[in-house]
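Asks: To start, I am sharing the structure in question, which I have written as structure tokens.
The values are calculated or read from the model by the stated rules, or taken from the named source; none is laboratory data. None of the values given here were measured: they were computed from a predicted structure. Here the Cβ is made from the backbone with ideal geometry for all residues, glycine too, and neighbour counts use every protein chain on show. Surface areas here come from the heavy atoms of the whole protein model, side chains and all, with no ligands, DNA or RNA. Shrake-Rupley method; radii C 1.70, N 1.55, O 1.52, S 1.80 Å.
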Amino acid sequence: MAGCPVSVLKCQDYSPENLRKTIMQSLENIGFDPQTFHGARVALKPNLLVPAPPEKAVITHHEFFRAAARIVKEYGGDPVLIESPSIHSTDRVIKKTAYAQVVAEEGVEVASVDKTRTLNYAGSRRYKHVDVAEAFFEADIIINLPKFKTHGLTYVTGAVKNMFGAIPGLQKSKMHVKAPAADEFSEFLLDLYGCLLYGFDKPKTFLHLMDGIIVMEGEGPGASGSPARMDAILASTDAVALDYVATTLSGLDVEKALITMRGFERGFNVTSPEEVQWIGDPKDSFTHKPLRPSRGTILSNMVRWPITSKRFRNLFIDRPVPGQEKCTLCYQCMKICPAGAISKAGSGGKKPTYDYNKCIRCYCCMEVCPEAAIEKGRGRLQWLLRM
């Protein structure tokens, strides 16, 4: 089959019958034999950012996960859920969502992510050694199950970005300090992807299945974003190719999706859009409206600007602003902040205190806020850059 195939099929609901039928057709479209699962330990890696109901489109839909697990079991594989949310423990997110029922009913093991091991890949541009959850070393096959969403820093989050969850818990926030700008962070994610592709002693088989049915637009990827319909399931063995097709299907500007465009430059499998083969339902058969990007990504993707300058950030870059109307003072934002820019409310205060001279505009606080109580506020002179 010429090029790198990406299957794109319509699917308008999360009924078990439709999900199974569409996923099985997707595997056929990309030439992936489900018999590959036989006798294999298969890691299922959903996006479990925070506890959230399925209608909010914050996490991979539990029925999408169930469908993948059932197919693995049907063909003689052993599915295991491996994920590490940023703030909450994996167990907590599962217990607070419909995943608890799914893993119990389907008998899916939930792997511990407490221990890490180092992946080494000399071909990385900067991060040649990355610590990931040891559970991935024990898997034969990795099925990546991303939810397509807009993102305040990286424009979109898809298959490549979803593997950020291989890095345990709060260790992820440290990377926002080391790589605070959109281009730096995108390059890190590609280094991580390279490590996952080539860093294991025995390379893993990768399959990427994207939940593109109910997706997220606006101020994603957390509760501040808005659900939207794309009515699609996408599949590929290559994450960069999948993200390219998903972004194209969404109606967003793929040139602003730095992870994808820089991914082509890496040449892991595909080196240009021309090498991506769209298989299945054509783009013009989808009727959804183009997704609305995060307002902040206009500036977040202006690479090489001196956003490490405190004055520049405060004058020209969107900043996270907590609102006391929704805030419950749970301080999840303070726990995740990699720059230590958030402190508790003062006496009688009803929202956390932000030090914008320390804030690096990674928007991690917005991602994890369970009440969507944090919005983006404009810098005082930001209007000058939007003329």
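Asks: So residue 348 passes all but one of these: (1) closer than 17 Å to residue 326 by Cα; (2) modelled with pLDDT of 90 or more. Which condition number does it fail?
Replies: (2)
Asks: For residues that are of a type in the set (D, E, K, R) and assigned to a helix (DSSP H, G or I), scanning just region 221-266, find the one that is surrounded by the most Cβ atoms within 10 Å (Cβ to Cβ).
Replies: 243
Asks: I've got another one for you. Could you please give the count of residues in region 358-372 that are charged (D, E, K, R) and open to solvent by less than 30 Å² (accessible area, probe 1.4 Å)?
Replies: Step one: filter region 358-372 for residues charged (D, E, K, R), giving 358, 361, 367, 371.
Filter again for open to solvent by less than 30 Å² (accessible area, probe 1.4 Å), leaving 361, 367.
Count: 2.
Asks: Please count how many residues of region 130-146 are open to solvent by 20 Å² or more (accessible area, probe 1.4 Å) and either free of Cβ contacts under 8 Å to residues at least 40 places away in the same chain or in contact with a Cys (Cβ under 7 Å, 6 or more places away or on another chain) (or both).
Replies: Of the residues in that region, 1 qualify.
Asks: Right, another one. Which residues, taken from region 85-119, are among the polar types (S, T, N, Q) and either in a loop (DSSP other than H, G, I, E, B) or open to solvent by less than 80 Å² (accessible area, probe 1.4 Å) (or both)?
Replies: At the first step, the residues of region 85-119 found to be among the polar types (S, T, N, Q) are 86, 89-90, 97, 101, 112, 116, 118.
Residues satisfying the conditions are 86, 89, 90, 97, 112, 116, 118.
Asks: Name, by its number, the condition in (1) closer than 23 Å to residue 242 by Cβ; (2) touching a Phe, Trp or Tyr at 6+ places or on another chain (Cβ under 6 Å) that does not hold for residue 84.
Replies: (2)
Asks: Being open to solvent by 20 Å² or more (accessible area, probe 1.4 Å), more than 25 Å from residue 181 (Cβ to Cβ) and modelled with pLDDT of 95 or more narrows it down to one residue among 282, 273; which is it?
Replies: That would be 282, the only listed residue that is open to solvent by 20 Å² or more (accessible area, probe 1.4 Å), more than 25 Å from residue 181 (Cβ to Cβ) and modelled with pLDDT of 95 or more.
Asks: Let me ask something else. Taking region 180-202 on its own, how many of its residues are in a helix (DSSP H, G or I) and of a type in the set (D, E, K, R)?
Replies: Total satisfying the criteria: 4.
Asks: Hey, can you tell me all the residues within region 160-174 that are open to solvent by less than 20 Å² (accessible area, probe 1.4 Å), hydrophobic (A, V, I, L, M, F, W, C) and touching a residue at least 60 places away in the same chain (Cβ under 8 Å)?
Replies: Of everything in region 160-174, those that are open to solvent by less than 20 Å² (accessible area, probe 1.4 Å), hydrophobic (A, V, I, L, M, F, W, C) and touching a residue at least 60 places away in the same chain (Cβ under 8 Å) turn out to be 160, 163, 166, 167.
Asks: Let me ask something else about it. Scan region 58-84 for residues that are open to solvent by 10 Å² or more (accessible area, probe 1.4 Å) and in a strand (DSSP E or B) and report the count.
Replies: Counting residues in region 58-84 that are open to solvent by 10 Å² or more (accessible area, probe 1.4 Å) and in a strand (DSSP E or B) gives 1.
Asks: Okay, next question. Under 8 Å between Cβ atoms, which residue pairs at least 6 apart in sequence (or on different chains) link something in region 10-33 that is within 14 Å of residue 209 (Cα to Cα) with a partner that is open to solvent by 80 Å² or more (accessible area, probe 1.4 Å) and modelled with pLDDT under 95?
Replies: Note: pairs meeting the criteria are 31/1.
Asks: Part of a strand (DSSP E or B), of a type in the set (D, E, K, R) and surrounded by 20 or more Cβ atoms within 10 Å (Cβ to Cβ): does that describe residue 149?
Replies: yes
Asks: So, one more: Any residue at all in region 3-24 that is at pLDDT below 95, open to solvent by 10 Å² or more (accessible area, probe 1.4 Å) and more than 17 Å from the chain's Cα centre (by Cα)?
Replies: Yes; the residues of region 3-24 include at least one that is at pLDDT below 95, open to solvent by 10 Å² or more (accessible area, probe 1.4 Å) and more than 17 Å from the chain's Cα centre (by Cα).
Asks: Now, a different point. Got a sec? Which of 177, 215 is in a helix (DSSP H, G or I) and among the β-branched types (Val, Ile, Thr)?
Replies: Every option except 177 fails the conditions.
Asks: Evaluate region 202-215: report whether one residue or more is acidic (Asp, Glu) and surrounded by fewer than 24 Cβ atoms within 10 Å (Cβ to Cβ).
Replies: Residues of region 202-215 that are acidic (Asp, Glu), as a first pass: 211.
Still in the list and also surrounded by fewer than 24 Cβ atoms within 10 Å (Cβ to Cβ): none.
No, region 202-215 has no match at all.
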